[in-house]
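Report on the structure given below.
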Amino acid sequence: MLVRNVISRTFETLRSQVKSESCVLAVSDSPVIIWPNKDAYATPEEITPSTLCEDMHQWIQADEQESSGKKSSKKKSKKSSVASVINLRLMTEVTKPGPLSAPILTKTVLKSHFVSVTLPLDCVVCTGRSDTIKDACEQLIEALTHQLCEMEKVTLQNMKGMTLLVPEPVHFLLPEPKGLVTVVYPVGVPDSQLVAQRKELHQQFELPDDRPYFRRANAYHFPNEPYKDGYLRNPHLALTHPTLDNGKVYLVQGIYSYHHYMQDRVDDNGWGCAYRSLQTICSWFQQQGYVELPVPTHKEIQQALVDVGDKQASFVGSRQWIGSIEVQAVLSHLLGLTSKILFVSQGAELASKGRELANHFLTEGTPVMIGGGVLAHTILGVAWSETTGQIRYLILDPHYTGAEDLQVITDKGWCGWKGPDFWDQTAYYNLCLPQRPKVI
């Protein structure tokens, strides 16, 4: 009990420091420093408490790395439709104006247990175009204070003797109008042991209990922050939707990685298109928080098919094709997922499958693998008119062999909208439609 009291007092001290005049916020990549508890006093002197938040961008230096696509403090220009991000560092002013007093040293010998923990404070506040620096500072101090309270709770709840687990804030973007929400989790505790907390969060925010929103894989990725694995995410977002008479657009829900020929130092040009489509599907389930396994390699996919008795042992390490049925088997064996198979006797019939595909993207929202003849593709959505039957398919093409260049990929149609004539009109096709598990 004594140790818990000491921890609580330490957190109370930290909250007092955040609310004190010595608290300082430094705007990253700029000369701007703000004292939020001194009526938002700031330097340089041109910045006043009534300065608009969006006007802070003119003080942020354009990082030389920005042109190369690396992380920059200025994520988007303020004219962008995507919210811009300003990063700040939390600091404490340790010196005060006036004459310095001489230090006094005292020595006391006591038996004690010393514990040092670095708290990764990470708060997000959303401001409007008319909000001032003073408004933002008030929100930030309130958010920092609240996060320290949440960190205290998590620390005390997960104490084991004298061992402390570091509390870690994670940001999640919930469906509108809820927006960005921050949750504090204990580091080192896997998602599988946090089910009770997630159930409470689903109830608190009135979210459905059939899909995850608060797993770590659901964490919000801020604009222009590069993904460490190098894969492109959601290239279809750069495209313009086609216009059909009385048509609607039905798209993949969530985030996926674009997997294609020649990635991962594997030369699969000419035989690996279905493997790459399967990898894209696996990345979707991983990044939505349904599974924690990494995206399987070609050999792991082949070994899975051997393990389920679909292939002979010699299949591992070969360059043999796979199709939709094999994709279904691998998803079931490796990830425990179920899939529906849609059979089409010839490509010309795909134009009549608009209702089935629209319903899939509306209810399941997963990428669809389609195989026909010697080619495999990934369908990410459809534009379909129920009245006229017109249809367009949003295709992610795994046959691309170039670099991760979004403009090339979209301009050259490697990710793009295709008409019914895209398919071989006489070849048969199998479509693998993965189903979402009903979990949180």
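The values are calculated or read from the model by the stated rules, or taken from the named source; none is laboratory data. Please read all numbers here as calculations on a predicted model, not as lab measurements. Here the Cβ is made from the backbone with ideal geometry for all residues, glycine too, and neighbour counts use every protein chain on show. Ligands, DNA and RNA are excluded from the accessible area calculation, which covers all protein heavy atoms including side chains. Shrake-Rupley method; radii C 1.70, N 1.55, O 1.52, S 1.80 Å.
Counting Lys and Arg as +1 and Asp and Glu as -1 over every other residue whose Cβ lies under 14 Å from the Cβ of Ala376, the net charge comes to -3.
Under a model in which nothing but the beta-carbon of Lys, Arg (+1) and Asp, Glu (-1) is charged, segment 367-419 shows a dipole of about 160 debye around its Cα centre. The simple Förster model, with R0 at 41 Å and r as the Cβ-Cβ distance, assigns Val316 and Asp209 a FRET efficiency of 0.55. Between Asn359 and Lys199, residue separation times 0.36 nm minus the direct Cα-Cα distance comes to 54.8 nm.
Note on the chain: with neighbouring protein chains present and a 1.4 Å probe, carbon and sulfur make up 52 percent of its accessible heavy-atom surface.
Using the Kyte-Doolittle scale, which helices in the chain average at least -1.0 and also have C-alpha atoms spread 18 Å or more along the helix axis, with helices defined as whole DSSP H runs? Taking the DSSP H segments of the chain (at least 18 Å long, mean hydropathy at least -1.0), we get 2-19, 133-157, 273-287. One chain, two ends: Phe343 and Arg233. Fully extended at 0.36 nm per residue, the span grows by 36.7 nm beyond their Cα-Cα distance.
Would segment 150-284 count as rounded, prolate or oblate if I go by the C-alpha gyration tensor, calling it rounded below 1.5 in a/c and otherwise prolate when a/b exceeds b/c, oblate otherwise? The shape class here is oblate.
When segment 224-276 is described by a simple charge dipole with +1 on each Lys and Arg Cβ and -1 on each Asp and Glu Cβ, the residue from Gly247, Tyr227, Trp271 located farthest towards its positive end is Gly247. Semi-axes of the equivalent ellipsoid of the chain are 49, 27, 20 Å, computed as sqrt(5λ) over the eigenvalues of the C-alpha gyration tensor in descending order. Hey, with R₀ at 51 Å, roughly what FRET efficiency would Thr13 and Lys299 work out to, going by the Cβ-Cβ distance, to 0.05? So, using R0 = 51 Å, E works out to roughly 0.40.
To the nearest 0.05, what FRET efficiency results for Thr43 and Lys153 with a Förster distance of 45 Å applied to their C-beta separation? Computed FRET efficiency for Thr43 and Lys153 comes out at 0.80. Compactness of segment 123-204 is given as radius of gyration and Dmax, 15.0, 49 Å, from Cα positions. Ordered from longest to shortest, the equivalent ellipsoid semi-axes for segment 357-440 are 21, 18, 15 Å, each the square root of 5 times a Cα gyration tensor eigenvalue. The separation of segment 376-397 from segment 247-305, counted between C-alpha centres, amounts to 20 Å. Rounded to the nearest 20 debye, the dipole size of the chain about its Cα centre is 960 debye, using +1 on the Cβ of Lys and Arg and -1 on the Cβ of Asp and Glu. Dipole magnitude for segment 108-209: about 420 debye, using +1 per Lys or Arg Cβ and -1 per Asp or Glu Cβ, origin at the Cα centre. Accessible surface computed residue by residue for segment 170-277, with neighbouring protein chains in place and a 1.4 Å probe, gives 52 Å² per residue.
Remark: relative contact order (segment 147-248) = 20 percent; criterion is Cα-Cα distance under 8 angstrom and separation of 6 or more residues.
Summed over qualifying helices (DSSP H, 4 residues or more, each -39500 (n - 2.57)) and divided by its residue number, the chain shows a 222 nm mean residue ellipticity of -7500 deg cm²/dmol. Karplus-derived 3J(HN,Hα) values for segment 209-215, using 6.51 cos²θ - 1.76 cosθ + 1.60 with θ = phi - 60°, are 9, 10, 8, x, 10, 10, 7 Hz; glycine and proline are entered as x. Peptides 276-282, 419-425, ordered by how many other C-beta atoms sit within 10 Å of their residues on average, highest first, read 276-282, 419-425. Per residue, the average separation of C-alpha pairs within less than 8 Å and at least 6 apart gives the chain a relative contact order of 14 percent. Ordering Met159, Leu119, Leu396 by the projection of their Cα atoms onto the charge dipole of the chain, which places +1 on the Cβ of Lys and Arg and -1 on the Cβ of Asp and Glu, puts Met159 at the extreme positive end. Between amide H atoms placed 1.01 Å from N, distances below 5 Å from Tyr41 occur with Trp35, all of them 5 or more places distant or on a separate chain. The modelled label-to-label distance between Cys126 and Thr92, using points 7 Å beyond Cα along the C-beta direction, is 3.2 nm. The 1.4 Å probe gives accessible areas that order Leu105, Leu148, Leu239, largest first, as Leu105, Leu239, Leu148. Extension gain, Phe114-Met162: 0.36 nm per intervening residue step, less the Cα-Cα distance, totals 16.3 nm.
For the chain, the residue among His360, His260, Tyr185 whose Cα projects farthest onto the positive side of the dipole built from Cβ charges is Tyr185.
Between Lys412 and Val306, the modelled labels are 3.4 nm apart [label points 7 Å from Cα along Cα→Cβ]. The trypsin sites (Lys or Arg not before Pro) found in segment 338-432 that occupy coil by DSSP, while having at most 15 further C-beta atoms within 10 Å, are Lys412.
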